[in-house]
Each structure stands twice: as structure tokens, then as C-alpha cells.
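Colleague: Structure below; questions to follow.
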Ligand SMILES: [Zn+2]
């Protein structure tokens with residue numbers, strides 16, 4: 001993938017997240033490592049919504065959180081992503097958003113249950129950051145988030161939002177949408193009453209394996225991209 005293609009995919013990812021209702025004013029960000037430089041990443045600019053991302057306004061940052069290229073301002077929470085990229089060489093894409101159901105779910109402190117297909121991706125497969133409700137504006141706090149993420153693809157920032165990562169933009173964006181879906185379903189089911197027994201973990205893991213298909217994530221990403229482009 002060229003640098004330009006990576007930026008285009010990042011922008012498409014931002015537009016998809018906006019269409020999925022994951023925007024919160026101009027808050028939230030999406031990042032991807034520069035294809036030929038693992039020590040730098042492209043990031044949504046500050047002061048713009050996900051839907052306003054363009055190849056031109058994307059900024060480039062390094063793993064210390066410094067902006068190294070781009071005219072637009074950099075998000076103060078850059079350290080979420082720089083510290084995760086530092087700690088997890090297997091991850092190339094990282095998203096931070098404030099989705100309503102996921103934030104509400106994080107506030108309850110309950111465990112994710114296998115109540116739906118999307119939940120199969122996340123049961124016993126997420127971290128929880130509980131140090132602060134505040135913005136992640138220092139390397140220390142970013143390091144704390146990366147530590148809470150551990151080996152998982154997802155970390156809830158309690159009462160604040162989520163960080164969803166993946167080996168590619170497609171994987172991270174689709175996971176981010178599925179996480180909100182899983183939280184929404186569990187919130188509805190839990191609010192309605194006591195849920196019935198869950199399927200055995202073995203079945204859940206078998207489904208997870210199928211859901212983790214990079215090919216399927218790429219197909220769904222392209223579909224959402226077409227849908228967004230038709231509406232623009
Ligand atoms: Zn935030």
C-alpha cells in the first residue's frame with residue numbers, strides 16, 4: 001500500500017465512523033501507521049469532524065506523540081495511539097471514540113456476555129482503563145491505556161469511551177462498529193430482565209474465528225464506503 005492509499009483508507013474509515021454515529025462533535029480519532037515507516041502514523045486532525053477528514057488535512061505523528069507533518073492541529077489525546085503503537089507492533093490501526101452504548105456499558109462495570117454474534121469478538125477479550133475519566137493528554141496516561149489494552153484488541157476507557165485496534169483500518173473500523181452493537185444489545189437485554197444462559201465458550205470462540213476474517217472485514221468496509229459515498 002502506498003502512503004496516499006493509506007491516507008485515503010484512513011479518510012474513508014473516518015467517514016464510515018461518522019455515518020455509524022460514532023462522532024461526538026469534533027472528538028474521536030482514527031490513526032494508521034505510515035506504510036513504510038512503523039515509527040510514524042497518520043491521524044485525523046483536531047477541530048474537524050470525522051466526516052470532514054480529507055487526505056489534505058490528515059496529520060502525521062511520531063511514536064512520541066509529536067506532529068511531524070500536516071498543517072492542521074493535532075489531537076491532545078495522541079498519546080493513546082502513540083503508546084499503543086509503541087507497545088503493540090502487531091497493530092497498525094487505532095480508533096478512539098465515545099459511542100453512547102459503549103460508554104454506558106463501561107459505566108456499569110459489568111462483564112461483556114455472549115449475548116449476540118458481535119459480542120463473540122469481545123467476550124473475555126478486552127481491557128478496562130479505570131485510572132481517570134479525563135482526556136488522555138500525557139504519555140503516562142497513554143501508557144496506562146496501552147497497559148490496560150494488554151494483548152486485547154479493545155480497551156474501554158471507563159465513563160469516557162473506547163479504543164479499538166486492529167492490524168488494518170478495515171479490521172479496526174468494523175470491530176469498532178461491532179463493539180458498539182454488542183454493547184447496545186447487552187444494554188437492551190440486561191435492561192429487559194435477567195438474560196438466559198449463554199452458549200458455551202467453545203461455540204463463542206468458533207464464531208469469533210469466523211468473524212475475524214480480514215476478507216470479510218474488507219468486504220464490509222468497502223460496502224460501508226460505497227454507502228457513505230452515495231450519501232455525500
Ligand atoms: Zn476521548
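None of the figures in this text is laboratory data; all of them are computed from the coordinates on show. Computed from a prediction, not measured in an experiment: that's the story for all the values here. Using ideal geometry, Cβ is built from the backbone for each residue, glycine included, and neighbour counts are taken over all protein chains shown.
Colleague: Tell me, which helices (runs of 4 or more DSSP H) lie completely within segment 55-174 with 3 or more residues that are under 22 Å from residue 45 (Cβ atoms), within 14 Å of the chain's Cα centre (by Cα) and within 16 Å of the ligand (Cβ to nearest atom)?
Modeller: Hits in segment 55-174: 78-87.
Colleague: Just to be sure I understand the filter: pairs with C-beta atoms under 7 Å, separated by 6 or more residues or on different chains, first member in segment 28-44 and under 16 Å from residue 17 (Cα atoms), second member away from the ligand (no atom under 14 Å from the Cβ) and in a strand (DSSP E or B). Which pairs pass?
Modeller: 31/41; 31/42; 31/93; 32/41; 32/42; 32/93; 43/59; 43/61
Colleague: Take residue 30 and tell me if it is surrounded by 17 or more Cβ atoms within 10 Å (Cβ to Cβ), touching a helix residue (DSSP H, G or I) at 6+ places or on another chain (Cβ under 6 Å) and part of a strand (DSSP E or B).
Modeller: Spelling it out, residue 30 is indeed surrounded by 17 or more Cβ atoms within 10 Å (Cβ to Cβ), touching a helix residue (DSSP H, G or I) at 6+ places or on another chain (Cβ under 6 Å) and part of a strand (DSSP E or B).
Colleague: Within segment 74-85, take every residue that is out of contact with any strand residue (DSSP E or B) (no Cβ under 9 Å at 6 or more places or on another chain) and crowded, with 17+ Cβ neighbours inside 10 Å and give me the one that is nearest to residue 151 (Cα to Cα).
Modeller: Looking at the filtered set, the residue picked out is 83.
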